[in-house]
1. Taking K and R as +1 and D and E as -1, what net charge do the other residues with C-beta under 14 Å from the C-beta of Phe120 add up to?
2. Which FRET efficiency value, to the nearest 0.05, is calculated for Ala304 and Lys121 with the Förster distance at 25 angstrom and r the Cβ-Cβ distance?
3. Quick one: angle between helix 290-319 and the longest Cα principal axis of the chain, in degrees between 0 and 90, rounded to 10, please.
4. Could you tally the net charge around Gln242, taking each other residue with its Cβ under 14 Å from the Cβ of Gln242, Lys/Arg +1 and Asp/Glu -1?
5. At 0.36 nm per residue, and after removing the present C-alpha to C-alpha distance, how many nm does the segment from Lys60 to Thr128 gain when stretched out fully?
6. Which whole number of Å³ per residue matches the convex hull of the alpha-carbon atoms in the chain?
7. Among the GluC sites (Glu not before Pro) in segment 178-270, which ones are in a DSSP loop with at most 16 other Cβ atoms within 10 Å of the Cβ? Mind listing them?
8. Given labels modelled 7 Å from the Cα in the Cβ direction, how far is it in nm from Glu21 to Ala49?
Amino acid sequence: MTFMRDRITLRQLRLLLVLNEARTASAAAQRLCISQPAVSKARAEIEAAIGAPIFVRRGKQTEATPLGQRLVEAARKILGELEAASEDFVLMQGGVVGTVHIGLRSIAAQPVVAKALTRFKAQYPHVTIKLLDQPVPTLLDRLAKNEISFVVAAMEQPELHPEFERVQVLADSTVVIGHPAHPLAREKHLDWPELLDQPWCLVARGSPPRSYFDAMIIERRLSYPTDVIEVNSFLMAVTIVQDSQYLTLVRHTTGQQLMRKSLVKVLCAPQLAGRERVDLIWNTEAPMAPSASLLHRFLLDTTANEHGEAEAAMISSAVAAACR
């Protein structure tokens, strides 16, 4: 639109985004390494150019007006397009470079993500990859703001923003693990009453494995374990299991990875209901830089191969034995 094109500069759009995030002129000035009066002056220039306020004061902070929020959204798209175009130019000049920011919030997906990243870096060594481990709502908010390229996360909410696209990359079940020398490690058939008599190290309520475990006990009207250590991370639970006779719950993918390294033993426990869904999510309204687009494809290809290997393993298990 000619009205906006003739009045707003790229420098002002960048400042607009920073001011919207920082919420105060002083914080924005620090991020931009300029003076606070310079920030205030630039804001005044934008508001004078469009003839309306774009921020209003709420206590000690500023908040975008509806018009300001619309301008912020437009600024993200414009600057995102320019960043993608810059990478396109470098790509045309003879190489893939850039930085890709990925949100990762799933222990179960870490092995497949690691495999995709190492394969990608072997082919494109000059691309920098930054993994961000933050709560899922924070990652999705940053995805909406075009601050990250895509998110790999365990998803519980069935609905996302209309502009988000997602594909399931993993559906992981839950297994019981113990020390390789645990008294039950060699048993080929275990039942829940026998397992619940053992000492347990459980991640605090709220994680999918713990939810499936608690639901099973309630549904079958079983007695809860009396010897329990409750922790806040799977890493701590696994550490305790490696140095004791305690049992814990992990995702199947994690359990198999630990068992291949002889760190734990996956016990032949009855299957818990429920499978944790892990999705690859991206913003269809935001331009994806060439390096991010390539990595996105690597992740999809790697997960597809993993599914094929998993199906082959299931067939082999059925032909051979479920537990060895």
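1. Values: positive: Lys115, Arg119, Lys121, Lys130, Arg297; negative: Asp301.
Local charge sum for Phe120: +4.
2. Working: r = 19 Å, r/R0 = 0.78.
For Ala304 and Lys121, the calculated efficiency is 0.80.
3. 10 degrees
4. Working: positive: Lys261, Lys265; negative: Asp243.
So the surrounding residues net to +1.
5. On the way: separation 68, 0.36 × 68 = 24.48 nm, distance 3.74 nm.
Contour length minus the Cα-Cα distance gives 20.7 nm.
6. Working: hull volume 60.1 nm³, N = 324.
Residue-normalised Cα hull volume stands at 185 Å³.
7. Details: sites: Glu187, Glu194, Glu219, Glu230; in loops: Glu187.
Hits after loop and neighbour filter: Glu187.
8. Inter-label distance under the simple model: 2.0 nm.
Taken together, the values in this text are just the output of simple stated rules run on the coordinates, not laboratory data. Source: prediction; values computed, not measured. Note that each Cβ is placed from the backbone with ideal geometry, even for glycine, and that neighbours are counted across all protein chains shown.
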